[in-house]
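Below you'll find the structure, written out as structure tokens, and then a few comments.
The values are calculated or read from the model by the stated rules, or taken from the named source; none is laboratory data. Values in this document were obtained by computation on a predicted structure and should not be read as measured data. Here the Cβ positions follow ideal geometry from the backbone for every residue, glycine too, while neighbour counts run over all protein chains shown. Just so you know, the surface numbers come from the protein's heavy atoms only, side chains and all, with ligands and any DNA or RNA stripped out. Shrake-Rupley method; radii C 1.70, N 1.55, O 1.52, S 1.80 Å.
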Amino acid sequence: MKEFITFIQQLINGLSLGSVYALMALGYTMVYGIAKMLNFAHGDIIMVGAYTVSIVCSIAGFSPMAAVLASIVVCTALGVTIEKIAYKPLRNASPLAVLITAIGVSYFLQSVALLIFGSKARKVQSVLNLESVKIGGVDLSGVALVIIFITILIMILLTLFIKCTKVGKAMLAVSEDRGAAQLMGINVNATISMTFAIGSALAAIAGVLFVSSYGYVDPYTGALPGIKTFVAAVIGGIGSIPGAMFGGIVLGIIESLSKAYISTDLADAIVFGVLIVVLLFKPAGMLGKKKITKV
Amino acid sequence: MENKKSILFAIIAIVIFIALFTLVEMGLLSRQYMGLLVPICVNIILAVSLNLIVGFLGELSLGHAGFMSIGAYAGCLFTVYANLPPFIEIPLALIIGGLVAALFGFIIGIPALRLRGDYLAIVTLGFGEIVRSVLNSLKIVGGSGGLKGINSGMHKSDYYIVAYIVVIITILVISNFINSRHGRAVKAIRDNVIAAESVGINVVYYKILGFVIAAFFAGMAGVLYGHNIGILKPATFDFNKSIEILVMVIMGSMGNIPGSIIAAIILTVLPEALRFLQDYRMLIYAVALILIMLFSSNPTLIEFRKKIFGKKEKGGK
Amino acid sequence: MALLDVKELGISFGGLRAVDNFNLKIEEGQLYGLIGPNGAGKTTIFNLLTGVYKPTDGSFNFNGKEMAGSSPMAINKSGIARTFQNIRLFDNMSVIENVMVGLHNQSNVSLAESILRLPKFKKGEVEMREKAFNLLKIFDLDKDADSLASNLPYGKQRKLEIARALATNPKLLLLDEPAAGMNPNETAELMNTIALIRDKFKIAILLIEHDMSLVMGICERIVVVEYGRVICDDIPEVVRNNPKVISAYLGE
């Protein structure tokens, strides 16, 4: 019985971690689906969001809510700026050049953070101070519940946004066929900028939730989780919102269970191992669709 | 023309060898720079071999440090357990390290067949991380504490010669490969896979071959590194190491072997010479990556660059 | 027995039947035209015959071997070479290197011989360069041998693609709109060259062309497709007067 409770506990931890991953994965999936690029720096935007929360909360003494808003503003502005300066000039360049640039941007953000804040981890007050709930011996942390709730809410809002608004439909059109969308009078550049704005805002929220459960931030906070959530997006099927949710949660549960039952050291290795296996057998991801290359 | 190039290469190689040998033997190099000789060799091998994947095969590998570490551990474990005279032990260790790494190159080459660029980049990154975590938790190779006691008993000045020879072999093998029908097949795959298949190129074979050759030399570089330092720690071979090698390839210009060599030398010596810039190193790398990509791929910026540098630039080979 | 014998070949993309019940027989040395309005499935037929797409049904026999479902590489090795409607050159390689890639499978210089720069490698390399150069001459590209393929003007890029395809020593050459984007003079000149290489290399050619009158001049037989189906397969004189063909081109 005790073992079973631990297992459920780990499962819920995984679900909560997975929800944060799902939020991050959304940013990847949107940008990949619409701008057709892997925004390597997405994880580092999360890091910037976390630093913003930490600074606004502890130094300026603002309320947590103000900190969250500040973080969203900062990340959105950053995301759009990065797109303008680094990615937009390369819109017709080879995917290799774009990917290398994105890696450069990721490194840039990390090293700037390193120069400003140093490598020491910085404590972040949790913006979510909640009691945990006990159900049948399982400890449900309030933070975990809120994270899961927020993720589901955002997922629904985003789906509605894409399905029902003009901008959302423009995004779908650009992701389907950029050239045709342009011919139909859609402003492709503006749509891609919008995608980066939304993706970065989501990164900000993910950043807040991420540090709320970890309690600290350092310049590398976003890097590895960033890569892992791209993995999640790929496992789910890139470009698909339910896919990001699915991939994020699967990843969170795998990681949490590996840490509990196999080894903390090997948890990341297992996550990447799963990715490689999924990609080998289902290159389009679990919920993605296969595309036919035109010759 | 091909012959002239080979002769030029031989002359340069011999001149550099004699120059280095005299400098080392006469004690004209400071300790600091002596200490850089092997790292320079290691980085040249890494950069040239990664260039084969990135510049010639056109795939982004973010796990080159993974191949390096596998080779390093395999070769150095051999040295730790074998007790042979150094002149037999080190070449054997190099070959073992190279072969084991090549085996993993083969394994990583398989997903390369099915996945497009960015997915493959993540797979190679994941591969590097898997290797590092596994080495970290493997007690037989010392775990995170590292594999200690790698000593072949070879004299330092002899070791420089070994390292130099391995560099020459790497450059020769990879550039000879590139300038043959096999290398042309690899470049054709990079430029247009569908067209390459349509003229009967075996894409499966050449993609995997590219990864195998590159991994083989990265493994040898790892063995050279291990025997120079005497200890191997998994943390050395992290994602940052892979990126560092990538920066060398990009700075030296993709698909350009002399460029990779020069960039590897500069990026090994410069951080030593400019210690005060240590903190800014990653920042400089990052900015360099972005600027090089922008100036080599954005039409407006390419025009701008050509205006400034005039006609010195000519179409690459 | 015909060189190429296509039987009831078909492919669907999702619900779309792109090519349906396609039959074709090409004899050795024959110059065949494949025409049809935009979106009729001409290029899809090429993609099926070269293994880029796997047919959902039907089969085709080439030079006595069943080839449907084989890889593009295997099909090329069996003797079918092609060009592409949207030019696909090896952009960052020189013009002569492009052709040398086409010659790849005719050389047996091994990896070891190449890396060790053995005499056999040097001899093989010289021979290959010479062969490639001769092919370039046919298309008047010899002066551009060392320039970058992507730097060639459009018309020359199309010719280079044909030269590269020819380098693979095919028995059947599939040309996908080789004259697209050329002016009438260039087109006429190219059609002459095509007839010439057919005679010189003794190969069969299947030619996609948009412009019906163009192919009429040089092709011995013409197959017309519309909506993925053959509507006529005959000699030019008959095709020209076929009411179905006329309505496909001029509308009802």
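Structure values in brief
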| item | result |
| --- | --- |
| Any helices (runs of 4 or more DSSP H) falling wholly within the range C:190-252 and containing at least 2 residues that are aliphatic (A, V, I, L, M) and within 17 Å of the chain's Cα centre (by Cα) | C:212-218 |
| Candidates C:ALA204, C:ALA188 - the one that is in contact (Cβ under 8 Å) with a residue 40 or more places away in the chain and either on the phi < 0 side of the Ramachandran plot or exposed (fewer than 15 other Cβ atoms within 10 Å of the Cβ) (or both) | C:ALA204 |
| Residue match in the range B:80-95 (condition: within 14 Å of chain A (Cβ to nearest Cβ), assigned to a helix (DSSP H, G or I) and not aliphatic (A, V, I, L, M)) | no |
| Matching residues, the range B:144-161, being in a helix (DSSP H, G or I) and crowded, with 18+ Cβ neighbours inside 10 Å | B:TYR159, B:TYR160 |
| Residues that are buried (at least 17 other Cβ atoms within 10 Å of the Cβ) and not in a helix (DSSP H, G or I), drawn from the range C:101-110 | C:LEU103, C:SER107, C:VAL109 |
| Residue tally, condition open to solvent by less than 50 Å² (accessible area, probe 1.4 Å) and in contact (Cβ under 8 Å) with a residue 40 or more places away in the chain, over the range C:24-63 | 27 |
| Unmet criterion (only one of (1) within 23 Å of A:SER16 (Cα to Cα); (2) more than 24 Å from the chain's Cα centre (by Cα); (3) of a type in the set (S, T, N, Q)) for A:THR159 | (2) |
| Meets criteria (free of Cβ contacts under 8 Å to residues at least 40 places away in the same chain, open to solvent by 30 Å² or more (accessible area, probe 1.4 Å) and among the charged types (D, E, K, R)) for A:LYS123 | no |
| Filter result for A:TYR107 (within 23 Å of A:THR151 (Cα to Cα), buried (at least 17 other Cβ atoms within 10 Å of the Cβ) and among the aromatic types (Phe, Trp, Tyr)) | no |
| Test: residue in the range A:231-248 that is open to solvent by 20 Å² or more (accessible area, probe 1.4 Å) and within 14 Å of chain B (Cβ to nearest Cβ) | yes |
| Residue list for the range A:189-230, restricted to those being of a type in the set (Phe, Trp, Tyr), part of a helix (DSSP H, G or I) and more than 14 Å from chain B (Cβ to nearest Cβ) | A:PHE196, A:PHE210, A:TYR214 |
| Members of the range C:128-146 found to be crowded, with 20+ Cβ neighbours inside 10 Å, part of a helix (DSSP H, G or I) and more than 14 Å from chain B (Cβ to nearest Cβ), listed by number | C:LEU136 |
| Cβ pairs under 9 Å, 6+ apart, first in the range C:67-82 and more than 9 Å from chain B (Cβ to nearest Cβ) and touching a residue at least 24 places away in the same chain (Cβ under 8 Å), second of a type in the set (Gly, Ala, Ser) and open to solvent by 20 Å² or more (accessible area, probe 1.4 Å) | C:ALA68/C:GLY58; C:ALA68/C:SER59 |
| Exclusive hit being of a type in the set (A, V, I, L, M, F, W, C) and either within 14 Å of chain A (Cβ to nearest Cβ) or surrounded by fewer than 23 Cβ atoms within 10 Å (Cβ to Cβ) (or both), set B:ILE178, B:ILE201 | B:ILE178 |
| Restricting the range A:59-73 to residues that are touching a helix residue (DSSP H, G or I) at 6+ places or on another chain (Cβ under 7 Å) and β-branched (Val, Ile, Thr), the residue that is most open to solvent (accessible area, probe 1.4 Å) | A:ILE72 |
| For A:ALA267: the one exception among (1) open to solvent by less than 20 Å² (accessible area, probe 1.4 Å); (2) within 11 Å of another protein chain (Cβ to nearest Cβ); (3) under 30 Å from A:MET171 (Cβ atoms) | (3) |
| Sole exception among (1) at pLDDT 95 or above; (2) open to solvent by 20 Å² or more (accessible area, probe 1.4 Å); (3) within 30 Å of B:VAL134 (Cβ to Cβ) for B:TYR206, by number | (2) |
| B:ARG184 vs. criteria modelled with pLDDT under 95 and at the interface with another protein chain (Cβ under 9 Å from one of its Cβ atoms) | no |
| Verdict on B:ASN192 being at the interface with another protein chain (Cβ under 7 Å from one of its Cβ atoms) and more than 30 Å from C:ILE75 (Cβ to Cβ) | no |
| Enumeration of residues in the range A:235-257 that are outside any helix (DSSP H, G or I) and polar (S, T, N, Q) | A:SER240 |
| Options C:GLU125, C:GLU97, C:GLU113; residue that is in contact with a Ser or Thr (Cβ under 8 Å, 6 or more places away or on another chain), among the charged types (D, E, K, R) and either within 11 Å of chain B (Cβ to nearest Cβ) or open to solvent by 10 Å² or more (accessible area, probe 1.4 Å) (or both) | C:GLU125 |
| The range A:80-94, residues that are under 20 Å from B:MET251 (Cβ atoms) and touching a residue at least 12 places away in the same chain (Cβ under 8 Å) | A:ALA86 |
| Wholly enclosed strands (runs of 3 or more DSSP E) of the range C:1-100 bearing at least 3 residues under 27 Å from C:THR193 (Cα atoms) and not β-branched (Val, Ile, Thr) | C:31-35 |
| Test result for A:ILE55, part of a helix (DSSP H, G or I), open to solvent by 10 Å² or more (accessible area, probe 1.4 Å) and under 20 Å from A:SER193 (Cβ atoms) | no |
| The one condition in (1) more than 8 Å from chain B (Cβ to nearest Cβ); (2) open to solvent by 20 Å² or more (accessible area, probe 1.4 Å); (3) at pLDDT below 90 that A:THR76 fails to fulfil | (3) |
| Sole residue being open to solvent by 20 Å² or more (accessible area, probe 1.4 Å) and more than 24 Å from B:VAL204 (Cβ to Cβ), chosen from B:VAL134, B:VAL141, B:VAL100 | B:VAL134 |
| Residue that is nearest to A:VAL234 (Cα to Cα) [pool: residues in the range B:103-131 that are charged (D, E, K, R) and open to solvent by 20 Å² or more (accessible area, probe 1.4 Å)] | B:ARG116 |
| Subset of the range B:162-172 [of a type in the set (A, V, I, L, M, F, W, C) and either open to solvent by 20 Å² or more (accessible area, probe 1.4 Å) or facing chain A (nearest Cβ under 8 Å) (or both)] | B:VAL162, B:ILE165, B:ILE168, B:ILE169, B:LEU172 |
| Enumeration of residues in the range A:257-276 that are under 23 Å from B:PHE239 (Cα atoms) and modelled with pLDDT of 85 or more | A:SER258, A:LYS259, A:LEU266, A:ALA267, A:ASP268, A:ALA269, A:ILE270, A:VAL271, A:PHE272, A:GLY273, A:VAL274 |
